[in-house]
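The structure appears right after this line, and notes come after that.
The values are calculated or read from the model by the stated rules, or taken from the named source; none is laboratory data. Keep in mind the model is a prediction, meaning the values are calculated, not measured. Here the Cβ is made from the backbone with ideal geometry for all residues, glycine too, and neighbour counts use every protein chain on show.
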Amino acid sequence: MTRPLSQQVVVVTGASSGIGRETALQLARRGARITAVARGQHALKTLVAEVTRMGGEIHTVAGDVADPATADRAAAEAVERFGRIDTWVNNAAISIYATIEDLTVDEFRRVTEVNYLGQVHGVKAALPHLRAAGGGTIINVGSALSERAVPLQAAYCAAKHAIKGFTEALRVEMEREDSGINVVLIEPSSMNTPLFDHARSKAGRRPVPIPPIYEPRVTAKAILHAAEHPVAIIATGGASKLFTAVERLNPRLLDWWQLRNDSGVSDQLGDEPDDGSDNLEQPIETAGSVTGRFGRESKASSVYTDLFELHPNRKAAVGLAALAGVLLAVRRLGR
C-alpha cells in the first residue's frame, strides 16, 4: 500500500523549473516532505522560499544528475533529513535542436548522460532505500517522444526512448521479485516550460514546442496521482496518446506528416533568432520558473488525461472499444 501524499517523502530531480518545480510545489501543497535536486542554486533558493511560505518542508541538493554522486547524495540526505524515501521522481532533462550531422558526439553524450543516465543514477540510488522502507514508487518522466522521434531532436528522442526501455525492464524486475516497488512511466505532450529557452539551438532560431501545448501542471498532477495510485504508464495531454496511437498503427503516416510542408522542422522553430545561450553544460542562473513563454497558446488542463489516463479501468474500456472498432473496420474492408 502506498502512503497518502501528506505522509510521503519525495525526491524530485530537475526541480528548478518546469515540470519538476511545479511537481515540488504541488507536493508541498499536499503536505509531502520534499528533497529537490537541480543544478541551479538560485532557483533552488527561490523554490525553498515558495515552499516555506506554504508551510511545507523541503531540502535541496545542488548537483548534476549526470554525476551518480549527486543521486547518491540526494538519497542519503533525504533519508537523513526525513527518515526514508517513499517516491523518487526522475525528471531532469536538457535538449539540443540540430540535425544529426550538426551534432557533435560530445553533445550526444551530454544529453544521454543527463536525460537517460541521470535516471539510471536516480534509480540506482533510490532502490536500496525503497527496499529498506518496504516498498515505494519510482516515477520516470519520459515523453511522447519516447514513442516516436522527430527531426532536430535526435539526442533527446534517443534518450527518451532509452528511458522507456529502461523503465519497462525495471518494472518487470520489481514485479518479478514482488518487491513492493512500483515503477511508473510518464509520457508528456509538449509542455509550456523554460526547456525551450534553455535548449541549445544550432538551427539559428529559438526552439518552440510542437503544438498542442499544455501547462506543466497537467503533468505534475499526473505525477502526484502516480505517487498515490501507481500504474505502468500515464500519457499527459491527449496529443501524447494520439501521437503514440498513430505511430503504432502507421508509422509512415507520421513520416508523411513531418515531411509535409517540412512541418517536422518548422513546427519546432520560432521566428526569433537564437540568442546563443543554453544550459547544456552549466545551469542558467535564474530565479526559476514553472512556465515558459507560451502561456497564450497552452492548455491549462487535459480532459483526456483527467478522464482516462488517471482512471485505468476507463482507459482499458476505451482501448478495447477502439480495438473492436479497428477489427470491425478491417473485417468490412476484407469483405
_Exactly one of these conditions fails for residue 234: (1) part of a helix (DSSP H, G or I); (2) over 27 Å from residue 205 (Cβ atoms); (3) at pLDDT 90 or above; (4) not small (Gly, Ala, Ser). Give me its number._
(1)
*Selection count where residues are more than 21 Å from residue 188 (Cβ to Cβ) and part of a helix (DSSP H, G or I), scope region 127-149*: 6
*Quick one: would you say residue 169 is of a type in the set (A, V, I, L, M) and more than 20 Å from residue 219 (Cα to Cα)?*
yes
_In region 183-211, the residues that are closer than 22 Å to residue 148 by Cβ and of a type in the set (Gly, Ala, Ser)_ = 189, 190, 199, 201, 203
*Filter region 128-147 down to residues that are within 20 Å of residue 117 (Cα to Cα) and not hydrophobic (A, V, I, L, M, F, W, C) and give me whichever is surrounded by the fewest Cβ atoms within 10 Å (Cβ to Cβ).*
128
_Subset of region 285-326 that is within 15 Å of residue 209 (Cβ to Cβ) and either at pLDDT below 65 or β-branched (Val, Ile, Thr) (or both) - its residue that is surrounded by the fewest Cβ atoms within 10 Å (Cβ to Cβ)_ = 291
*asked:* List the residue pairs whose Cβ atoms are under 7 Å apart, where the first residue sits in region 70-84 and is aromatic (Phe, Trp, Tyr), the second is modelled with pLDDT of 95 or more, and the two are 6 or more positions apart or on different chains.
replied: 82/9; 82/33
*Kindly list the number of the only condition in (1) buried (at least 20 other Cβ atoms within 10 Å of the Cβ); (2) of a type in the set (D, E, K, R); (3) farther than 16 Å from residue 18 by Cβ that fails for residue 160.*
(3)
*Scan the helices (runs of 4 or more DSSP H) fully inside region 18-108 and keep the ones with 1 or more residues being among the aromatic types (Phe, Trp, Tyr) and out of contact with any helix residue (DSSP H, G or I) (no Cβ under 8 Å at 6 or more places or on another chain).*
68-82
_Of everything in region 260-280, what is over 30 Å from residue 241 (Cβ atoms) and surrounded by 13 or more Cβ atoms within 10 Å (Cβ to Cβ)? Give them in sequence order._
274, 278, 280
*Looking at this structure, is residue 228 in contact with a Leu (Cβ under 8 Å, 6 or more places away or on another chain), farther than 18 Å from residue 157 by Cβ and surrounded by fewer than 20 Cβ atoms within 10 Å (Cβ to Cβ)?*
yes
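Among the listed residues 120, 89, identify the single one that is crowded, with 24+ Cβ neighbours inside 10 Å and of a type in the set (Val, Ile, Thr). Spell out how you get there, then give the answer.
Working: 120 fails: crowded, with 24+ Cβ neighbours inside 10 Å.
Going through 120, 89 in turn, the sole match is 89.
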_Where residue 278 falls short, out of the listed (1) touching a helix residue (DSSP H, G or I) at 6+ places or on another chain (Cβ under 7 Å); (2) not in a loop (DSSP other than H, G, I, E, B)_ = (2)
_Which numbered condition residue 209 misses (of (1) in a loop (DSSP other than H, G, I, E, B); (2) surrounded by fewer than 18 Cβ atoms within 10 Å (Cβ to Cβ))_ = (2)
*Quick one: which residue in 177, 187, 215 is of a type in the set (D, E, K, R) and surrounded by fewer than 23 Cβ atoms within 10 Å (Cβ to Cβ)?*
177
*asked:* Return the pair list, or none, for Cβ contacts closer than 6 Å from residues in region 147-169 that are closer than 18 Å to residue 242 by Cα to residues that are small (Gly, Ala, Ser), at least 6 apart or on different chains.
replied: 150/264; 157/149; 160/142; 160/143; 160/146; 161/146; 164/142; 164/146
*Return a yes/no flag: does region 173-183 have any residue that is within 16 Å of the chain's Cα centre (by Cα), hydroxyl-bearing (Ser, Thr, Tyr) and not in a helix (DSSP H, G or I).*
no
*asked:* Which condition from (1) in contact with a Phe, Trp or Tyr (Cβ under 9 Å, 6 or more places away or on another chain); (2) charged (D, E, K, R); (3) closer than 30 Å to residue 45 by Cβ is the one that residue 205 breaks?
replied: (3)
